[in-house]
Amino acid sequence: MLRAVREATPLLKDAVISPHWKPIPGASALAAVEEVVTDADADLGFRLLLRLLDVVSPSLTQEQYSHSQTLGRRFGYGEHHVTEKLEQLIWQG
């Protein structure tokens, strides 16, 4: 699970989450996700990471997407849980 957070770092570290309300630097949001993963619950941390990716909408590689699908299956998510959040973000370059 920490691999997924590390893979998301270049995608989210310079992003600003909720820039029009109370902005949160992407690096701070990722640090919070990593803390949840290591100190509380990996499943919750992954759900938070999916939400961040959905909000920021960075381009993902097929490998990053596949890894997220694998994690989702490992956590017992339904067939479309990860797909709904990330499929539209795959970079087709």
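Cα convex hull of the chain: mean projected area in nm², to one decimal?
Quarter of the Cα hull surface area: 5.9 nm².
Evaluate the charge dipole of region 17-92 about its Cα centre and quote only its size in Debye, nearest 20, assuming +1 on the Cβ of each Lys and Arg and -1 on the Cβ of each Asp and Glu.
140
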| When only the heavy atoms of the protein chains count and the probe is 1.4 Å, how do 90, 24 rank by accessible area, highest first? | 24, 90
| note | Of the DSSP H helices in the chain, the ones reaching 20 Å or more along their long axis in Cα terms and averaging at least -1.0 in Kyte-Doolittle hydropathy are 42-56
| remark: Once Lys and Arg are counted +1 and Asp and Glu -1 for all other residues with Cβ under 14 Å from that of residue 5, the total becomes -1
| request: Quick one: pull the percent of accessible area on region 27-93 belonging to carbon and sulfur, 1.4 Å probe, ligands and nucleic acids left out. | output: 48
| note | Summed over the other residues with a beta carbon less than 14 angstrom from that of residue 43, with K and R at +1 and D and E at -1, the charge totals +2
| Ranked order, 7, 35, 84 - accessible area, probe 1.4 Å, largest first | 84, 35, 7
| field | Per residue, in Å², the accessible surface of the chain once ligands and nucleic acids are set aside, probe 1.4 Å | value | 61
| note | So, over other residues within a Cβ distance under 15 Å of residue 70, counting Lys, Arg +1 and Asp, Glu -1, the net charge is -1
| Length-normalised contact order for the chain - Cα pairs under 8 Å, 6+ apart - percent | 26
| note | Which residues qualify? For residue 75, with a placed amide H closer than 5 Å and at least 5 residues away or on another chain, they are none
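The values are calculated or read from the model by the stated rules, or taken from the named source; none is laboratory data. Here the structure is a predicted model, which means the values were calculated and not measured. Virtual Cβ from ideal backbone geometry, glycine too; neighbours counted across all protein chains shown. Just so you know, the surface numbers come from the protein's heavy atoms only, side chains and all, with ligands and any DNA or RNA stripped out. Shrake-Rupley method; radii C 1.70, N 1.55, O 1.52, S 1.80 Å.
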